[in-house]
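Single-structure report; data block below.
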Amino acid sequence: MTSRPVIDDLSNFWMPFTANRQFKAAPRLLESAKGMYYRSTDGREILDACAGLWCVNAGHCRDEIVAAVQQQLATLDFAPTFQMGHPLAFEAASKVAEIMPEGLDRIFFTNSGSESVDTALKIALAYHRARGEAQRTRLIGRERGYHGVGFGGISVGGISPNRKTFSGSLLGNVDHLPHTHDLEHNAYSKGQPAWGAHLADELERIVTLHDASTIAAVIVEPVAGSTGVLIPPQGYLQKLREICTKHGILLIFDEVITGFGRLGKATASEYFGVTPDLITMAKAINNAAIPMGAVAAHRNVHDTVVNSGAPGAIELFHGYTYSAHPAATAAAIATLDLYRKEALFERAHGLAPAFEAAAHALRGAPHVKDVRNLGLVAGIELESRDGAPGARAYEAFVKCFEAGVLVRYTGDILAFSPPLIVDEEQIGRIFGTVKDVLASVK
Ligand code: PLP
């Protein structure tokens, strides 16, 4: 493959979630990818330890997905889905529904995780209104939760820097559960921590405070990813489910990261045996080949909304120009076929013990204060430098990249979520590189 010349003016692209000035002074640019590897513009192979951004679960540039998108763009580039349709939209919805938990088989397509979250929150409000409980408008999120960057998502989200600049305007009728992370009790947990299920009872306190009749929905990530890999305590999600059911509150699992095999099952809901009313997803739904997200709604939620309007009336005033874009749906169908054909969710399940052992081998490495994991996701938390939170993990991230491994960092936590095609030798290389790097980080 011939490389394009590296561009020398980086000023026009205002980069998302990036320290723009720092990056542009010393850029890291990727120009191609295949399987488990990126290639950087300086010609190096970079082992992908985070599936891009937790999204390329089948590995990069898979032939089947590339061909499906190419063919689709040459056949039907765009078709509206407002009062119109195209066959792949329905086929993709059926394929997603097939692997969702029992009953969650009504699929609304979006273009991102953020849009999926806003869509799910709006469906929850529409559901209660259709039932004659329009006063149920309060939404409950969780501290340290990440639900994307729409105003709905940052309202229920619990990451302070994502909220503070914008908090003067739309962030409204919300409350937050406490997060479940406490190193005094759950440091170095392998899999689900034994401590912390009681924190779900905080929902009862919130219900008492506001009254159930004002609360529409609770949204949590079953495993919190972007805040630095927080694994739910044993029994915690089950308790949330029970309390929501008791009070008629909808439970939304944000599975943008956990969906499509990350934990060794199609969904975290399946993995934990807890079925919410709505699931948000994106990213690995189509291996991130084309922007796409979706909400899976329980049939009862869907039917309540859809049967409430007069015949011929639009039931939900919501949707995106690119909902079920033909190329995105073609990619989704090819991706879901690939997951099944190559049994990638089962592969993730089979690799999880080796992944866990390799991650926990970093216990005792310089600066490490916690290691946590579930399925093919792990977090390694570092001691922060005095007065410079995040600086140590950033340095580790840059050094890993220079050593040929792409990891993710957030605060002072390194996060790992490789494509599900990763092998044991590559797992060893990922954590071996991190170990070497930590020995050289100040
Ligand atoms: N929800 C969760 C749990 C996520 O992890 C993310 C992104 O990482 C989002 C929502 C937002 O997705 P997007 O960046 O596609 O809008």
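For each pair in Lys34/Lys265; Lys164/Lys399; Lys341/Lys399; Lys95/Lys122, compute the distance between the two Cα atoms and list the pairs where it is over 27 Å.
Exceeds cut-off: Lys164/Lys399; Lys341/Lys399.
Taking the Cα-to-Cβ direction at Glu133 and at Leu53 and moving 7 Å from each Cα, how far apart do the two end points lie in nm?
Computed distance between label sites Glu133 and Leu53 equals 3.5 nm.
Under a GNM of the chain (C-alpha, springs under 10 Å), which listed residue has the highest mean-square fluctuation: Arg62, Arg131, Arg408?
Residue with maximal mean-square fluctuation among Arg62, Arg131, Arg408: Arg131.
Work out how much length Thr165 to Gln83 would gain on full extension: take 0.36 nm times their residue separation and subtract the Cα-Cα distance, in nm to one decimal.
25.7 nm
Binning at 20 angstrom from zero up to the longest distance, how are the C-alpha pair distances of the chain distributed in percent?
The calculated distribution, bin by bin, is 25, 58, 16, 0.
Using the Cα centre of segment 1-151 as the reference point, and only Cβ charges (+1 on K/R, -1 on D/E), how large is the resulting charge dipole? Debye, rounded to the nearest 20.
I would put it at about 620 debye.
Using the Cα centre as the reference, give the magnitude of the dipole from point charges on the C-beta atoms of the chain (Lys, Arg: +1; Asp, Glu: -1; all else neutral), rounded to the nearest 20 debye.
On the way: 41 positive and 47 negative charges, 103 e Å.
Computed about the Cα centre, the dipole is about 500 debye.
Counting only helical runs of four or more DSSP H residues, what would the 222 nm mean residue ellipticity of the chain come to if each run contributes -39,500 (n - 2.57) and the total is spread over all its residues?
That calculation yields -11000 deg cm²/dmol at 222 nm.
Please give the peptides 150-156, 280-286, 415-421 ranked by average Cβ packing (other Cβ atoms within 10 Å per residue), highest first, as a rough proxy for protection.
My ranking of the peptides, most packed first, is 280-286, 415-421, 150-156.
Considering only Gly375, Gly235, Gly225, give the residue with the highest GNM mean-square fluctuation for the chain, with springs between Cα atoms whenever their separation is below 10 Å.
Comparing Gly375, Gly235, Gly225 in a Gaussian network model of the chain, the most mobile one is Gly235.
How many nm separate the modelled label positions at His210 and Glu102, each set 7 Å beyond the Cα in the direction of the Cβ?
3.1 nm
Relative to a virtual label point 7 Å from the Cα of Gln71 in the Cα→beta-carbon direction, which members of segment 330-371 show backbone nitrogen distances below 19 Å?
330-342
Between segment 267-338 and segment 366-391, what is the separation of their alpha carbon centroids in Å?
What the calculation gives is 34 Å, centre to centre.
Tally Lys and Arg at +1 and Asp and Glu at -1 over the other residues with C-beta under 12 Å from the C-beta of Gly293: what net charge comes out?
That works out to -3.
Can you tell me which of 11-19, 360-368, 106-114 comes out highest on packing, and rank the rest after it, using the mean Cβ neighbours within 10 Å?
Result, highest mean Cβ count within 10 Å first: 106-114, 360-368, 11-19.
Coordinate-derived values only; no laboratory data. Treat the numbers as computed from the prediction; the structure is a model and nothing was measured. For neighbour counting, all protein chains shown are included, and Cβ atoms are generated from backbone atoms with ideal geometry for every residue, glycine included.
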